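Trainee: Below is a structure I'd like to ask you about.
The values are calculated or read from the model by the stated rules, or taken from the named source; none is laboratory data. Keep in mind that what you see is a predicted model, and the values were worked out from it rather than measured. Methodologically, a virtual Cβ is constructed for each residue, glycine included, from the backbone with ideal geometry; neighbour enumeration extends over all protein chains shown.
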Amino acid sequence: MHLWNTLNKEELEHHLREVGHEFVTISFYQYAKILNPRLFRDHLFIMWSKLDVVGRTYVATEGINAQIAVPTKNLVQFREELHTIEFLNDIRLNFAVDESEAEFPFLKLKIKVRDKILADGLNDKTFDVTDKGIHLNAEEFNKLTEDPGTILIDFRNHYESEVGYFKGAILPDVDTFRESLPFIEDTYLKGSEDKNIVMYCTGGIRCEKASAWFKHRGFKHVHQLEGGIIKYANDCKEKDLENKFIGKNFVFDERRGERISEDVISVCHQCGEPADVHTNCANDSCHLLFIQCDSCKEKMENCCSDGCKEIINLPLEEQKIRRKGLNNSNQIFKKGRSFNLKFKTNNEKPLPLIEHINSKESVVSDKLDD
């Protein structure tokens with residue numbers, strides 16, 4: 001069998017409709033020593049392909065990071081086979097809070113070997129990523145964050161926290177996880193080595209590494225929300241706990257978000273009306289990720305600017321000619337940073353919640369991290 005996908009997008013969509021699976025979206029990670037990531041990657045691809053699993057997974061010598069969708073009818077077998085892998089036996093799986101945002105969360109199975117499962121920019125060989133901070137369940141998290149002396153930090157990127165965050169959290173205006181580590185320490189944590197520090201992210205992988213790093217840097221009371229926002233939201237529902245998360249949780253699949261509370265805390269980047277749905281610009285040489293309301297989506301034809309709207313209405317061959325020679329890197333595929341967006345610019349930080357929603361005159365302000 002091929003150990004990679006061989007179908008195009010249209011063929012993938014047709015296949016998924018034809019087989020008619022009902023999927024459940026799952027994420028998990030584990031830091032572990034994998035001696036041969038390539039061999040392990042191929043083993044996973046063969047095993048999961050037989051179960052019709054789709055999604056995105058990264059494997060490295062430091063472990064595994066997976067965001068996948070499993071056919072509901074194959075979930076039991078998926079668990080059983082996953083648990084035959086020693087370091088994944090009894091691994092915690094984070095199940096999606098809301099499956100309603102997209103027809104298919106993923107179209108294909110993609111497993112890549114990387115240098116690290118989470119790019120961090122660190123080159124300290126004395127750093128032990130397994131010496132992590134204290135894990136907090138939802139109830140413990142709520143209690144500790146009520147203490148006014150606790151420092152609560154959102155370890156996600158600006159486009160994630162823009163649509164949802166925990167009350168009282170520091171929201172660093174960063175683009176990547178590797179940028180966040182030195183920025184947060186220099187900006188928010190200097191002199192706080194003896195204070196309680198609580199961090200959270202989408203599913204836990206960023207905080208797992210960050211908590212270990214800040215312990216390594218001399219911070220004594222480092223905590224992380226176990227299982228991230230996803231597990232917290234599920235636990236609050238199941239245990240009838242107070243939910244302190246406002247808005248939507250950004251996720252790294254076709255849904256791009258799952259609603260945790262009914263609050264809409266962000267605005268359309270084009271008109272300033274309340275909105276919290278992320279879209280990718282329809283221009284294939286742009287694909288800017290930005291927030292767009294339904295009205296602007298219709299008027300702008302899913303584009304971030306008039307220039308991109310003009311391009312998508314050109315003949316396909318002309319569009320290909322214009323894309324030729326472009327360097328398809330982060331310089332093109334940006335995450336919500338563009339001067340074309342009236343209500344978000346490159347350097348502005350998010351406004352406080354009330355101002356953010358009501359002000360139309362103020363401007364508001366990677367790759368898979370979690």
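Trainee: Looking only at region 104-121, filter to residues that are touching a helix residue (DSSP H, G or I) at 6+ places or on another chain (Cβ under 7 Å) and farther than 16 Å from residue 50 by Cα; which one of those is surrounded by the fewest Cβ atoms within 10 Å (Cβ to Cβ)?
Mentor: 121
Trainee: For region 52-101, name all the residues that are exposed (fewer than 15 other Cβ atoms within 10 Å of the Cβ) and of a type in the set (A, V, I, L, M).
Mentor: Answer for region 52-101, where residues must be exposed (fewer than 15 other Cβ atoms within 10 Å of the Cβ) and of a type in the set (A, V, I, L, M): just 76.
Trainee: In addition: What's the total number of residues in region 129-169 that are over 20 Å from the mean Cα position of the chain (by Cα), surrounded by fewer than 15 Cβ atoms within 10 Å (Cβ to Cβ) and within 20 Å of residue 184 (Cα to Cα)?
Mentor: 4
Condition check ((1) of a type in the set (Lys, Arg); (2) touching a Phe, Trp or Tyr at 6+ places or on another chain (Cβ under 7 Å); (3) in a loop (DSSP other than H, G, I, E, B)) across all residues:
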position: 107; (1), (2), (3): no, no, yes
position: 119; (1), (2), (3): no, yes, yes
position: 124; (1), (2), (3): no, no, yes
position: 129; (1), (2), (3): no, yes, yes
position: 135; (1), (2), (3): no, no, no
position: 140; (1), (2), (3): no, no, no
position: 143; (1), (2), (3): yes, no, no
position: 148; (1), (2), (3): no, no, yes
position: 160; (1), (2), (3): no, yes, no
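Trainee: Among the numbered criteria (1) within 24 Å of residue 34 (Cβ to Cβ); (2) at pLDDT below 95, which single criterion is violated by residue 111?
Mentor: Among (1) within 24 Å of residue 34 (Cβ to Cβ); (2) at pLDDT below 95, residue 111 violates only (2).
Trainee: A further question follows. Among the listed residues 275, 282, identify the single one that is crowded, with 21+ Cβ neighbours inside 10 Å, of a type outside the set (Asp, Glu) and farther than 26 Å from residue 118 by Cα.
Mentor: Result: 275 is the single residue among 275, 282 that is crowded, with 21+ Cβ neighbours inside 10 Å, of a type outside the set (Asp, Glu) and farther than 26 Å from residue 118 by Cα.
Trainee: Let me ask you something else. Would you check which residues across region 170-192 are in a loop (DSSP other than H, G, I, E, B) and farther than 11 Å from residue 151 by Cα and list them? Before you say what the answer is, go through the steps one by one.
Mentor: Kept after step one, since they are in a loop (DSSP other than H, G, I, E, B), are these residues of region 170-192: 171-176, 190-192.
Once the filter is applied, which keeps residues that are in a loop (DSSP other than H, G, I, E, B) and farther than 11 Å from residue 151 by Cα, region 170-192 yields 171, 172, 173, 174, 175, 176, 190, 191.
Trainee: Which residues, counting only those in region 53-69, are farther than 14 Å from residue 106 by Cα and of a type in the set (Ser, Thr, Tyr)? Even if it seems obvious, please write down each step before you answer.
Mentor: The initial filter retains those residues of region 53-69 that are farther than 14 Å from residue 106 by Cα, namely 58-65.
Scanning region 53-69 gives 58, 61.
Trainee: Check 156, 92 and return the single one that is out of contact with any Ser or Thr (no Cβ under 8 Å at 6 or more places or on another chain), among the basic types (Lys, Arg) and in a loop (DSSP other than H, G, I, E, B).
Mentor: Sole residue among the options that is out of contact with any Ser or Thr (no Cβ under 8 Å at 6 or more places or on another chain), among the basic types (Lys, Arg) and in a loop (DSSP other than H, G, I, E, B): 92.
Trainee: Another question about this same structure. Pairs under 7 Å by beta carbon, first residue closer than 27 Å to residue 234 by Cα in region 9-28, partner in a strand (DSSP E or B) and of a type in the set (Phe, Trp, Tyr), six or more apart or different chains?
Mentor: Between residues of region 9-28 that are closer than 27 Å to residue 234 by Cα and residues that are in a strand (DSSP E or B) and of a type in the set (Phe, Trp, Tyr), the close pairs are 24/95; 26/95.
Trainee: OK, next. May I ask you to verify whether residue 294 is charged (D, E, K, R), closer than 26 Å to residue 105 by Cβ and at pLDDT below 95? Steps first, please.
Mentor: Values: charged (D, E, K, R): yes; closer than 26 Å to residue 105 by Cβ: yes; at pLDDT below 95: no.
Considered against the rule, which asks whether it is charged (D, E, K, R), closer than 26 Å to residue 105 by Cβ and at pLDDT below 95, residue 294 comes out as no.
Trainee: Given the residues 85, 117, which is the only one that is of a type in the set (Val, Ile, Thr) and over 17 Å from the mean Cα position of the chain (by Cα)?
Mentor: 85
Trainee: Counting only residues that are within 30 Å of residue 31 (Cα to Cα) and touching a helix residue (DSSP H, G or I) at 6+ places or on another chain (Cβ under 9 Å), give me the helices (runs of 4 or more DSSP H) lying completely in region 213-327 with at least 2 of them.
Mentor: Hits in region 213-327: 228-239.
Trainee: Provide a single number: the residues in region 1-42 that are of a type in the set (D, E, K, R) and surrounded by 19 or more Cβ atoms within 10 Å (Cβ to Cβ).
Mentor: Looking only at that region, the number is 1.
Trainee: While we're on this one: Could you give every pair whose Cβ atoms fall below 6 Å, whose first residue belongs to region 266-294 and is within 19 Å of residue 164 (Cα to Cα), and whose second residue is among the acidic types (Asp, Glu), counting only separations of at least 6 or pairs across chains?
Mentor: Here the result reads 266/162; 266/276; 293/273, each pair linking region 266-294 to a residue that is among the acidic types (Asp, Glu).
Trainee: Could you list, in sequence order, all residues of region 3-52 that are modelled with pLDDT under 85 and either over 21 Å from residue 104 (Cα atoms) or of a type in the set (Lys, Arg) (or both)?
Mentor: Scanning region 3-52 gives 3, 9, 17.
Trainee: Another question, if that's okay. May I ask you to list the residues in region 23-63 that are in a strand (DSSP E or B) and under 22 Å from residue 255 (Cα atoms)?
Mentor: Passing the criteria: 23, 24, 25, 26, 27, 28, 29, 54, 55, 56, 57, 58.
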